[in-house]
Amino acid sequence: MNSRQTLPYTFLVPTILVLMVLAFVPLGYAINISFQDRTLISPNSSYIGFENYIDLFSDRRFKNALWVSFKWEIITVTSTMIAAVGLGVLMFETLKPRTRNLMCLVFLIPVLLPRVSAAFVWSFAFHPLYGIVTYPYRAITGKPLDLLTNPDTALFAVAFVDLWQWGFFFAVIVLKLLESLPPQPLEAARLDYAKTWQIHAFITWPMLKAPLVSLALVKAIESLRSFDLVYIMTRGGPGITTETLDMYAFSQGFIEAGKISYASSMAVIMMVLTVVIFTFIWKRVRT
Amino acid sequence: MAGIVCKHLNKKYGEVEVVPDFNLEVEDHEFVVFLGPSGCGKSTILRMLAGLEDITGGELSIGGKIVNDAEPGDRGIAMVFQNYALYPHMSIKDNIAFGLRRLKTSKKEINERVDAVTKMLGLEPYLDRKPTELSGGQQQRVAIARAMIKTPDVFLFDEPLSNLDAKLRAHMRYEIARLHKELKTTSVYVTHDQMEAMTLADRIVLLNAGEIEQVGSPEEIYDYPETLFVAGFIGTPSMSFLDLDVSKTSDGWTLSGTGIVLEIAGEQFALNENAKVVMGIRPSKFHLVDKPIHGKTVTSRAEFVEFHGDEVLVGFSIGETQITAFVKAGNRPQEGDTVHFAVEENEIHLFDKKSERTLRQGTSPSAASPVLAEVGT
């Protein structure tokens with residue numbers, strides 16, 4: 001082998017090895033632990049086969065967490081995409097390039113904020129007595145408004161913060177996608193009597209369908225990692241109404257019972273579900 | 001059908017004035033070509049006509065209506081773009097029918113009209129294909145069909161043939177000419193290709209840096225360029241230019257410079273004693289002769305001889321200036337030979353050195369058109 005052939009391997013092998021160790025060792029460890037009855041209380045443990053998994057399917061809190069996670073995915077992905085497309089098109093149609101760039105800069109700030117900070121900021125904004133978001137309601141009715149402890153609104157309030165962080169960022173991406181389109185077909189459509197909404201419905205949407213779907217998929221994967229937001233704003237409450245899968249796994253593993261093995265089995269299920277579902281969606285989208 | 005009137009059209013991008021003051025009247029059924037080097041503002045003016053660029057100042061009317069602020073769709077125009085601008089995800093049929101569908105034309109009528117235009121342009125076999133499955137020439141034909149089906153008052157063409165290869169370009173040029181003969185729709189056509197301009201135009205509008213250098217028929221522009229710029233821009237290979245001094249003689253004028261003395265009667269030119277002029281001669285207007293004649297010929301050494309087929313292009317210098325001349329391939333000189341070229345007075349162009357405007361008197365070509373009349377008969 002000459003140096004030309006060995007060079008790629010010299011660079012690839014060590015990095016891939018490191019990445020594989022980082023990715024697969026914890027994964028293998030989690031899978032291994034999920035077949036045991038390990039808890040944080042005692043150092044002893046033994047293999048119990050699929051018992052953790054069987055228990056999960058009769059665990060109503062687990063089913064609730066699955067359902068909450070599903071709702072969370074739907075709410076955050078759709079609202080982010082709608083806001084992003086709406087805002088992106090609005091900026092594209094109304095702003096001059098210079099203002100656009102300024103807006104893009106401003107719109108990037110929320111997503112640059114660590115999610116923990118965003119969660120704290122918004123928790124305070126949602127505060128029933130002092131929050132700025134609840135201020136108009138208090139001013140009009142004179143009563144406090146507690147969105148985060150109301151089972152009907154808590155999940156939406158948390159989802160709103162997620163939307164605030166990602167909606168603006170995605171709007172910037174949508175705007176850049178629109179700007180990257182060749183302008184002539186849009187101009188031709190204007191000459192072909194198309195109104196603005198028709199141009200976007202008939203010309204830009206079909207041209208941008210593939211990147212937008214990928215964007216939605218990225219957001220869906222990102223939304224799975226909602227833990228920090230939920231943990232700080234509601235801790236899964238009130239009750240278990242905002243308890244997503246990762247939140248529940250964490251509380252089983254560390255907060256309530258220290259049932260490390262049980263939590264691991266949940267994590268493994270989550271991973272399998274994610275891989276299967278997203279592979280399925282990805283395949284569907286590409287055909 | 002409609003004419004176009006541009007009055008003092010002005011376009012600024014921020015501080016930069018791209019089109020200072022554009023005045024032009026395009027008559028009904030006329031085929032006008034905007035010709036000029038890239039960046040001369042011709043596309044900007046066309047896009048202002050189309051409504052794709054805002055008009056900073058002045059007044060634009062199409063078909064007698066002022067349309068400065070009208071939407072592109074409301075101006076009664078159709079446009080063909082350089083890169084075709086087809087809707088990439090739609091079939092050819094949908095591309096062509098898109099405009100009519102927006103107007104909520106009945107399905108039956110759309111089908112009839114699509115049939116008619118596709119037949120005219122020979123596009124029937126491709127109706128169900130996507131634009132990417134077609135060649136460049138076919139795509140441009142689809143773009144023309146999409147413009148035609150709207151039966152617009154005015155056609156706008158923005159360098160429609162620039163993306164095609166040479167052979168296809170000639171063919172499409174012929175087709176556009178044929179369509180114009182058939183439809184007689186008022187057309188404005190932007191190009192930087194003088195061949196296209198010469199062959200298609202009723203009138204050429206020659207632009208430079210946002211301003212009109214000359215407006216006229218292809219013959220007028222070619223035979224009677226009004227400015228040095230026009231003279232240099234039109235014609236391939238381009239005209240050769242020589243800086244000369246003018247002096248009066250008993251029966252006419254002498255034009256002299258390094259290595260050249262020409263005697264002319266000078267009646268058709270407005271000449272002054274000691275004036276500085278620029279003389280322009282097209283390569284085809286040098287006539288190879290055997291012997292020098294004082295005051296009527298130029299003499300030099302052939303520096304290169306380039307074979308062009310029926311003719312050869314001979315390069316030589318007069319003073320410091322490089323000159324080219326066409327010579328019949330049959331009696332071409334060899335490189336290094338001494339050559340004598342006769343120059344006819346009525347085939348030279350004289351321009352004022354300072355203003356760069358023509359010195360020809362009676363600039364209106366109709367006044368000076370014995371040459372034209374001969375061509376006509």
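Below are the figures for this structure:
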{"quantity": "Helix-only [θ]222 nm of the protein assembly as shown, DSSP H runs n ≥ 4, -39500 (n - 2.57) each, per residue, nearest 500", "calculated": "-14500 deg cm²/dmol"}
{"quantity": "Rounded to whole Hz, the Karplus (6.51, -1.76, 1.60) HN-Hα couplings of segment A:139-156, x for glycine and proline", "calculated": "5, 7, 8, x, 10, x, 10, 10, 6, 7, 10, 8, x, 6, 10, 4, 4, 5"}
{"quantity": "B:Ser238 versus A:Leu40: modelled label distance in nm, points set 7 Å from Cα along the beta carbon direction", "calculated": "8.2 nm"}
{"quantity": "Prolate/oblate/rounded label for chain A (Cα gyration tensor, a/c 1.5)", "calculated": "oblate"}
{"quantity": "Estimated vicinal HN-Hα couplings, Hz - segment B:121-138 in sequence order (Karplus 6.51, -1.76, 1.60; Gly, Pro = x)", "calculated": "9, x, 9, 3, x, 10, 3, 8, 7, 8, x, 5, 7, 10, 6, x, x, 5"}
{"quantity": "Cross-link reach list, aspartates and glutamates versus B:Lys119, counting only Cα pairs under 17 Å and skipping chain neighbours closer than eight places", "calculated": "B:Asp94, B:Glu109, B:Asp128, B:Glu175, B:Glu182"}
{"quantity": "Amide N proximity, segment A:95-116 versus A:Lys176 label position 7 Å along Cα-to-Cβ, cut-off under 19 Å", "calculated": "A:95-114"}
{"quantity": "Amide H within-cut-off set for A:Thr242, under 5 Å, with H built and near neighbours excluded", "calculated": "A:Gly237"}
{"quantity": "Exposure proxy order (Cβ contacts within 10 Å, fewest to most) of B:Arg332, B:Arg178", "calculated": "B:Arg178, B:Arg332"}
{"quantity": "Other protein chain Cβ atoms within 10 Å, averaged over every residue that makes up A:205-214", "calculated": "1"}
{"quantity": "Long-range amide H partners of B:Val190 with built H, under 5 Å", "calculated": "B:Phe34, B:Phe157, B:Asp158, B:Glu159"}
{"quantity": "Long pairs among A:Lys195/B:Lys104; B:Lys12/B:Lys353; A:Lys219/A:Lys283; B:Lys7/B:Lys65, criterion Cα-Cα beyond 24 Å", "calculated": "B:Lys12/B:Lys353"}
{"quantity": "Within-11-Å neighbourhood charge of B:Lys328 [Cβ basis; K, R +1; D, E -1]", "calculated": "-1"}
{"quantity": "Fluctuation leader among B:Pro237, B:Pro125, B:Pro72 - chain B, Gaussian network, Cα springs under 10 angstrom", "calculated": "B:Pro125"}
{"quantity": "Residue (of A:Val276, A:Gly258, A:Phe227) at the positive-pole extreme of segment A:223-287, dipole from beta-carbon charges", "calculated": "A:Val276"}
{"quantity": "Per-residue mean of C-beta atoms belonging to partner chains within 10 Å, peptide B:45-56", "calculated": "1"}
{"quantity": "Sum of side-chain charges, B:Pro225 neighbourhood, beta-carbon under 12 Å (Lys, Arg +1; Asp, Glu -1)", "calculated": "-3"}
{"quantity": "Reach of B:Lys354 by Cα under 17 Å, taken over lysines that are not fewer than 8 positions away in the same chain", "calculated": "B:Lys276"}
{"quantity": "Contact order normalised by residue count of chain A, Cα under 8 Å, 6+ apart, percent", "calculated": "29 percent"}
{"quantity": "Label-to-label distance, nm, for residues given as B:Arg357 and B:Ser317 (7 Å Cα→Cβ offset)", "calculated": "3.5 nm"}
{"quantity": "Residue-by-residue Karplus 3J(HN,Hα) for segment A:240-257, coefficients 6.51, -1.76, 1.60, Hz, glycine and proline x", "calculated": "10, 5, 10, 7, 7, 4, 5, 4, 5, 4, 5, 5, 5, x, 10, 7, 8, 10"}
{"quantity": "Inter-part distance where segment B:63-102 and segment A:13-84 are each reduced to a Cα centre, Å", "calculated": "55 Å"}
{"quantity": "Net dipole in debye of segment A:55-286 [+1 Lys, Arg Cβ; -1 Asp, Glu Cβ; about Cα centre; nearest 20]", "calculated": "360 debye"}
{"quantity": "Antiparallel DSSP beta bridges within the protein assembly as shown, as percent of all bridges there, nearest 5", "calculated": "80 percent"}
{"quantity": "Prolate/oblate/rounded call for the protein assembly as shown, Cα gyration tensor, a/c under 1.5 rounded", "calculated": "prolate"}
{"quantity": "Relative contact order %, chain B, counting alpha carbon pairs below 8 Å whose residues are six or more apart", "calculated": "15 percent"}
{"quantity": "Within a Gaussian network of chain A (alpha carbon springs, distance under 10 Å), most fluctuating of A:Phe11, A:Phe254, A:Phe35", "calculated": "A:Phe11"}
{"quantity": "Average other protein chain Cβ within 10 Å of Cβ, residues B:73-81", "calculated": "3"}
{"quantity": "Cβ-defined net charge surrounding A:Asp146, 14 Å radius [Lys, Arg +1; Asp, Glu -1]", "calculated": "+1"}
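Every number in this text was worked out from the coordinates using simple rules, so none of it is lab data. Small disclaimer: the values here were computed from a predicted structure and weren't measured. Every residue, glycine among them, receives a Cβ derived from its backbone with ideal geometry; neighbour counts consider all protein chains shown.
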